[in-house]
Amino acid sequence: MDGRAAVQMSVSTWQQPLPPRASQQRSAVLAEVADRVLACGDRRLRVGIDGLTAAGKTSFGHELAQQISARGRPVLRASLDDFKRPWRDRQLYDRESGEGYYRNAFDYDAVVSLLLQPAGPDGSGDCVLCSIDPLTQIEHRDVVAVATADTVLIVDGVFAFRPQINDFWDYRIWLDVDEDTSVRRGTHRDQDWAGAQAEAVHRDRYLVAERLYLTEVDPLRLVDVIVDNALFDQPRLLRDRRAG
């Protein structure tokens with residue numbers, strides 16, 4: 001037995017595979033971030049990973065989960081993409097413009113009641129890791145994952161530090177990439193479903209939404225650590241507020 005604890009994933013079909021074996025530099029950055037997270041205490045912890053679209057949040061979340069699991073702490077993995085409002089209701093609001101996506105796409109009441117509140121130190125521990133599958137639109141609110149007293153919940157997603165949910169995080173990570181990198185990566189990633197419109201979706205919807213978020217919330221002032229994730233094999237810690 002190597003002391004590794006379990007990592008429980010969401011049932012969502014919107015999954016990205018585990019990244020390839022990390023470089024020595026990437027492993028060192030992930031190990032340091034994992035140490036910073038676990039320094040927050042032995043109780044249940046909730047970690048938010050934010051950054052521009054396609055900054056690498058999901059991959060970083062998977063890798064961080066493995067680091068924390070290797071230290072003997074159980075992990076629950078979730079994504080804010082699995083807590084969007086259903087497409088069947090899209091006629092009720094604008095979700096396709098940049099501002100509409102930022103204002104209306106996510107169901108923050110569900111994020112709080114189903115995930116972040118139960119995963120807190122005083123919560124029930126009964127967590128829903130996926131409200132609505134973003135691909136199949138199947139609801140999974142009846143699929144419950146149990147957070148033990150020392151579980152670390154790792155959640156990735158855009159706009160993670162909006163006022164509606166910011167107070168629930170115990171540790172906040174920002175993955176830093178520039179706008180061109182965000183659009184380029186996102187366009188490549190989403191070719192399968194967006195096709196020829198992929199770049200327009202990222203430039204005219206997601207990037208516009210991100211700019212609104214940066215202007216209205218200024219999330220970088222809230223984060224505990226900033227990681228330059230522009231080069232996958234060569235990430236760098238830019239700031240760690242708790243390191244002094």
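Some observations on this one:
- All told, D94 falls short of being in a helix (DSSP H, G or I) and either under 14 Å from the mean Cα position of the chain (by Cα) or at pLDDT below 95 (or both).
- Candidate set from the stretch 4-47 (those that are polar (S, T, N, Q) and free of Cβ contacts under 8 Å to residues at least 24 places away in the same chain); member that is most open to solvent (accessible area, probe 1.4 Å): Q24
- The criterion of at least 2 residues that are modelled with pLDDT of 95 or more and surrounded by 21 or more Cβ atoms within 10 Å (Cβ to Cβ) is met by the following strands (runs of 3 or more DSSP E) wholly inside the stretch 127-244: 152-156, 171-176, 225-228.
- Taken over the stretch 59-83, the criterion of being within 10 Å of the chain's Cα centre (by Cα) and open to solvent by 20 Å² or more (accessible area, probe 1.4 Å) is satisfied by S59, D81.
- Scanning the stretch 47-85 for residues that are in contact with a strand residue (DSSP E or B) (Cβ under 9 Å, 6 or more places away or on another chain), more than 13 Å from I154 (Cα to Cα), among the charged types (D, E, K, R) and assigned to a loop (DSSP other than H, G, I, E, B) yields a single hit, R85.
- Just one of the numbered conditions (1) open to solvent by 10 Å² or more (accessible area, probe 1.4 Å); (2) touching a Leu at 6+ places or on another chain (Cβ under 7 Å) is not true of S97: (2).
- Scope the stretch 110-126; condition touching a residue at least 40 places away in the same chain (Cβ under 8 Å) and open to solvent by 20 Å² or more (accessible area, probe 1.4 Å); matching residues: V112, Q117, P121, G123
The values are calculated or read from the model by the stated rules, or taken from the named source; none is laboratory data. Because the structure is predicted, anything quoted here is derived from the model rather than measured. Quick reminder, even Gly has a Cβ in these numbers, built from the backbone with ideal geometry, and neighbours come from all protein chains shown. The protein model used for the area step is the full one, side chains on, heavy atoms only, and it has no ligands, DNA or RNA in it. Shrake-Rupley method; radii C 1.70, N 1.55, O 1.52, S 1.80 Å.
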